[in-house]
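A.B. asks: This structure is in structure tokens; I'll ask about it shortly.
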Amino acid sequence: MGTQWKIDWPKMGPSILIATALIVAIRTAKWAAKAAGDPLISDVDNDLDREVSYAACITIRVMHELMKKHESLFPGKREPIFDGIHDEDVAE
């Protein structure tokens, strides 16, 4: 029947990761360094966890908005459209 443009989501992963990391870095750049009191829980930081979650939400919102209006900016591929009626692979 034809083809349609589909975003190649596996190629989007690094872009989403980098964008989220940049947002976190910008938003937390002026935070004071925290000394770890207990070495068993030195990587636990609830404030940072909230920032990461918020940054991921921002990244996804921006990506969705860009995909609605400028889908061709993202890596993708043309995939065939099947109508479900005509199938050349079916042996009769």
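The values are calculated or read from the model by the stated rules, or taken from the named source; none is laboratory data. Keep in mind the model is a prediction, meaning the values are calculated, not measured. Every residue, glycine as well, gets a Cβ built from its backbone with ideal geometry; the counts of neighbours run over all protein chains shown. Calculation scope for accessible area: heavy atoms of the full protein, side chains included, ligands and nucleic acids excluded. Shrake-Rupley method; radii C 1.70, N 1.55, O 1.52, S 1.80 Å.
A.B. asks: Students sometimes get this wrong: rank Asp49, Asp8, Asp43 by accessible area, probe 1.4 Å, all chains present, largest first.
C.D. replies: Putting Asp49, Asp8, Asp43 in descending order of accessible area: Asp43, Asp49, Asp8.
A.B. asks: Would you rank Phe74, Phe82 by solvent-accessible area, highest first, keeping every protein chain in place and using a 1.4 Å probe?
C.D. replies: Solvent-accessible surface, decreasing: Phe82, Phe74.
A.B. asks: In nm, give the distance between the simple-model label positions of Asn46 and Lys68, each being 7 Å from the Cα along the Cα-to-Cβ direction.
C.D. replies: About 3.4 nm separates the two model spin labels.
A.B. asks: Over region 3-80, give the accessible area per residue in Å² for a 1.4 Å probe, as an integer. Don't skip to the answer; put the middle values down first.
C.D. replies: Values: 6150 Å² over 78 residues.
Accessible area per residue: 79 Å².
A.B. asks: A further question on this structure: Among all the lysines, which ones have a C-alpha under 24 Å from Lys68's C-alpha, if same-chain residues fewer than 8 places away are not counted?
C.D. replies: Output for Lys68: Lys6, Lys11, Lys77.
A.B. asks: Now for a different question. Can you give me the relative contact order of region 3-80 as a percent, contacts being Cα pairs under 8 Å and 6 or more apart?
C.D. replies: Relative contact order comes out at 69 percent.
A.B. asks: Lys/Arg Cβ at +1, Asp/Glu Cβ at -1, dipole of region 3-80 taken about the Cα centre: which of Trp31, Ile18, Val62 is farthest positive-ward?
C.D. replies: Ranked along the dipole, the leading option is Val62.
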